[in-house]
Amino acid sequence: MELHDIIQNRREITEFKDTPIPADVMQRLMDAAVLSPSGNNLPSREFIVVRNKDTLAHLADTPAALSWVKNADAAFVVTGRPDISKYWLQDSSIACGFLWLAAVNEDLGGAFGAVYHAQDAEETEKRENFVRRVLDIPKDRHITAILGFGWPASHPGAKTPPENSGLVHHETFQSS
């Protein structure tokens with residue numbers, strides 16, 4: 001697929017076929033995550049790949065509306081390292097985007113579940129502690145998100161950008 005087509009076909013897919021993702025496809029997803037850019041090229045983000053169905057079912061109970069992850073064939077838990085870079089959240093978020101676009105390029109469906117909540121430290125702690133216990137994640141890592149992937153049961157079709165949406169401004173910010 002061309003990049004523009006990949007971007008338009010990236011949709012939130014939460015229903016998956018019961019068909020495994022082949023090892024070579026999983027490797028390309030892992031490569032996309034690791035090759036994503038990071039501030040000063042620091043290793044400020046790490047990834048945990050989960051394929052075990054019991055673990056996926058357990059992660060579905062994360063208090064962050066992730067029930068769909070139990071149906072995925074694989075999940076990527078994306079963590080950030082504040083001890084390595086002050087840009088850990090940006091770096092791990094960019095990695096999520098690269099990973100999701102790589103999945104679309106493979107014709108996989110995917111969904112994103114935020115674990116880190118930038119405006120609610122108590123909620124973040126509750127969510128992170130749940131995932132941390134399931135996957136033995138050290139306390140010095142923040143858990144940015146969980147992305148689940150699989151072969152889509154259906155696809156709603158490509159998105160088209162709305163005309164004159166007010167999201168893009170030229171030269172200066174212009175309020176509507």
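The values are calculated or read from the model by the stated rules, or taken from the named source; none is laboratory data. Keep in mind the model is a prediction, meaning the values are calculated, not measured. No Cβ is skipped: glycine too gets one built from the backbone with ideal geometry, and neighbour counts run over all protein chains shown. Accessible surface areas use protein heavy atoms only, side chains included; no ligands, DNA or RNA. Shrake-Rupley method; radii C 1.70, N 1.55, O 1.52, S 1.80 Å.
For the reader, a short list of remarks on this structure follows.
- Going through (1) open to solvent by 90 Å² or more (accessible area, probe 1.4 Å); (2) touching a strand residue (DSSP E or B) at 6+ places or on another chain (Cβ under 9 Å) one by one, Ser154 falls short only on (1).
- Qualifying residue in the range 39-46 (condition: surrounded by 20 or more Cβ atoms within 10 Å (Cβ to Cβ), out of contact with any Cys (no Cβ under 8 Å at 6 or more places or on another chain) and of a type outside the set (Phe, Trp, Tyr)): yes
- Where a residue in the range 36-65 is farther than 15 Å from Ile137 by Cα and its partner, wherever it lies, is aromatic (Phe, Trp, Tyr) and open to solvent by less than 50 Å² (accessible area, probe 1.4 Å), with Cβ under 8 Å and at least six apart: Ala60/Trp68; Asp61/Phe130; Pro63/Phe130
- Hits in the range 130-150 - residues which are without any contact (Cβ under 8 Å) to a residue 60 or more places away in the chain and surrounded by 15 or more Cβ atoms within 10 Å (Cβ to Cβ): Arg132
- Test: residue in the range 25-33 that is open to solvent by less than 30 Å² (accessible area, probe 1.4 Å), in contact with a strand residue (DSSP E or B) (Cβ under 9 Å, 6 or more places away or on another chain), closer than 14 Å to Ile94 by Cα and in a loop (DSSP other than H, G, I, E, B): no
- Considering residues of the range 5-24 that are out of contact with any Asp or Glu (no Cβ under 8 Å at 6 or more places or on another chain) and outside any loop (DSSP other than H, G, I, E, B) only, the residue nearest to Leu147 (Cα to Cα): Glu12
- Residue count for the range 71-125, restricted to those that are among the acidic types (Asp, Glu), more than 19 Å from Asp31 (Cα to Cα) and open to solvent by less than 50 Å² (accessible area, probe 1.4 Å): 1
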